[in-house]
Each structure stands twice: as structure tokens, then as C-alpha cells.
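Notes for the one structure printed next.
Every read-out reported here was derived from the displayed coordinates using simple, explicitly stated rules and does not represent laboratory data. Note that the structure is a prediction, hence the values are computed from the model and not measured. Using ideal geometry, Cβ is built from the backbone for each residue, glycine included, and neighbour counts are taken over all protein chains shown.
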Amino acid sequence: MEDPRRDEIAAIAREMKARLSWYREEGVDSWKIAPPAPIKESERIQKMPKQKEPKPYEPIEPPRFAAEAPGGPLSAPAGSTAPRTLAEIRDEIGDCRRCKLCSTRKNIVFGTGSPTAALMFVGEAPGADEDAQGQPFVGRAGQLLTKMINAMGLSREEVYIANIIKCRPPENRNPQPEEIASCKPFLEKQIEAIRPKVICALGTFSAQTLLETQQKISALRGKFHEYHGVKVLPTFHPAYLLRNPNEKKSVWEDLQKIMEELKKG
Ligand code: SF4
């Protein structure tokens, strides 16, 4: 007779395999930390609406972040009509023409994962694969990020993944200050809506933008910082790890610090 728990056992085996694969890759042969408690069942953000015919670029005033409100960090101004849910924030972005990246992008890459995630990953900007699919971290670096998340005992659906800017810079060049200034308020609103316990800032641009510093990622990583009352731990970007696999051990140490923080409840 067929074991009724066969699917469940197979899922556990798949997860263990993914985790062990990450451990092996970065040379970990023992660890002390138990996985964090499971996070609420996730719901995916609705897929992007189809892109309409591109309109000309029309710079407009960036939206104001509610954290500027007198009520303090991550609180909306009195009488504010600021969007409160991820779906509302996505609606507000619409077919955004607020910076010149609108003229070269294929898709706006909003973000994906649980709207109640305790852990949020914030990268820099979409690349070619992400631009094509409208989803963050789906290329090679994204596959490595998925392994990192699985190694923490979590799934992509249990965390939230977004970028500082939502449209791909041409030829993957660095985002320009005015592009970051136009797009950052949307990320701020996403953070405000999700209210994660920890943000893992992936790479230089993410860490420098969130923490408003010019310090290098090598100086920022591995330590908890603060963003409007939310703990931020910067670490190396998965794309950097693909070029510098020796740094995987450092990243694993950073991820363990996050796991310990999440366990505190
Ligand atoms: S990068 Fe951000 S601000 Fe610029 S067009 Fe895309 S969504 Fe709008």
C-alpha cells in the first residue's frame, strides 16, 4: 500500500538536499543553529500586467515616503492616503515613467514573496533575465540566492525579494543617483507594508542606499545596522559570489547571524 506521507517525505528530502548542497559548496561540515520557526504561508504578488505601448519619458515628482511623517519611522502621515498593501503599491507604480529607465525596460520587476515575511532580501536592480520575466533574482545569481535561502531552512515564498530600483539599467550599468531617487520610495513603501524583522542587503548599492552611506560593502557586511527601526545586515551580492566563490564562507556566517536574529522571535 502506498505511504500517504510519500509526497511530504519527498519534499523534506528535496529541501535537505538543497541545504546540504549549499553547505558542501562553501565548505561547512558542522553547524549549531537550528532552522528558524516556520513563517506564515505565503501568497505571491500578482503577476505584472502586460506592458502597454511605451509612452515617452515624463519625469514627475517622486512619491513621498511615509517615514518622513512626524509619527516616526514607518508610520504614515495623519490623513495619509499612502498605499498600505503591496498590491496598492504596485498599482501606484503603474506603467511607471518616473525615470529614464522606463524607455529601455521590458518589465517592471516589483518584488516577490510573502507580504508578511520576517526576512526581506534587497538587491540592486534587475538584470536581463529578471527584465524578461518580470521577477527578481531568477538568473544565475538568483539561483544561488535560492540556495542560500534554502540553506537557511526557508523557501523563496517565505521571504520577500526586491531590488532598490525596479527597472533594468541598460547593459547592467550601475543605477544612477536620480534613478535611485525616483524609485527608492517604492521600496521604502514595500518595507513599510511588509515590516520585516530583518533586511539582508545584497551588495554595495543596496547597502549604501538603505544605510545612506558611502562605506564599502566589505566594511558594512557581517554587522547589523538599522533602517527606520528594521535591522539590516549587508552581505555580498550573489553575483559577486559567482565570481568570488571563496567569499561563500563569509556569506554563510552572515546568514547564520540572520537566522539567530529570526529565532529570537
Ligand atoms: S526604475 Fe523605478 S522610477 Fe524608474 S521607471 Fe522604473 S519603476 Fe519607475
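Observations, loosely collected:
- Total residues in the stretch 236-265, condition surrounded by fewer than 16 Cβ atoms within 10 Å (Cβ to Cβ) and not in a helix (DSSP H, G or I): 3
- The residues listed here are Ile164, Ile149; of these, the one that is within 30 Å of Lys249 (Cα to Cα), more than 15 Å from the ligand (Cβ to nearest atom) and of a type in the set (Val, Ile, Thr) is Ile149.
- Top-ranked residue in the stretch 162-198 [being among the aliphatic types (A, V, I, L, M) and in contact with a Pro (Cβ under 9 Å, 6 or more places away or on another chain); ranked as nearest to Pro115 (Cα to Cα)]: Ile194
- Among the residues of the stretch 204-226, those identified as in contact (Cβ under 8 Å) with a residue 24 or more places away in the chain and either closer than 16 Å to Ala141 by Cβ or surrounded by 19 or more Cβ atoms within 10 Å (Cβ to Cβ) (or both) are Thr204, Phe205, Ser206, Ala207, Thr209, Leu210, Arg221.
- When the stretch 165-187 is filtered for residues that are surrounded by 18 or more Cβ atoms within 10 Å (Cβ to Cβ) and small (Gly, Ala, Ser), only Ser182 remains.
- Lone qualifier among Ala128, Ala132, Ala162, Ala151 - being in contact with a Lys or Arg (Cβ under 9 Å, 6 or more places away or on another chain), of a type in the set (Gly, Ala, Ser) and crowded, with 22+ Cβ neighbours inside 10 Å: Ala151
- All positions within the stretch 87-144 that are within 12 Å of the ligand (Cβ to nearest atom) and among the aliphatic types (A, V, I, L, M): Ile89, Ile93, Leu101, Ile108, Val109, Ala125
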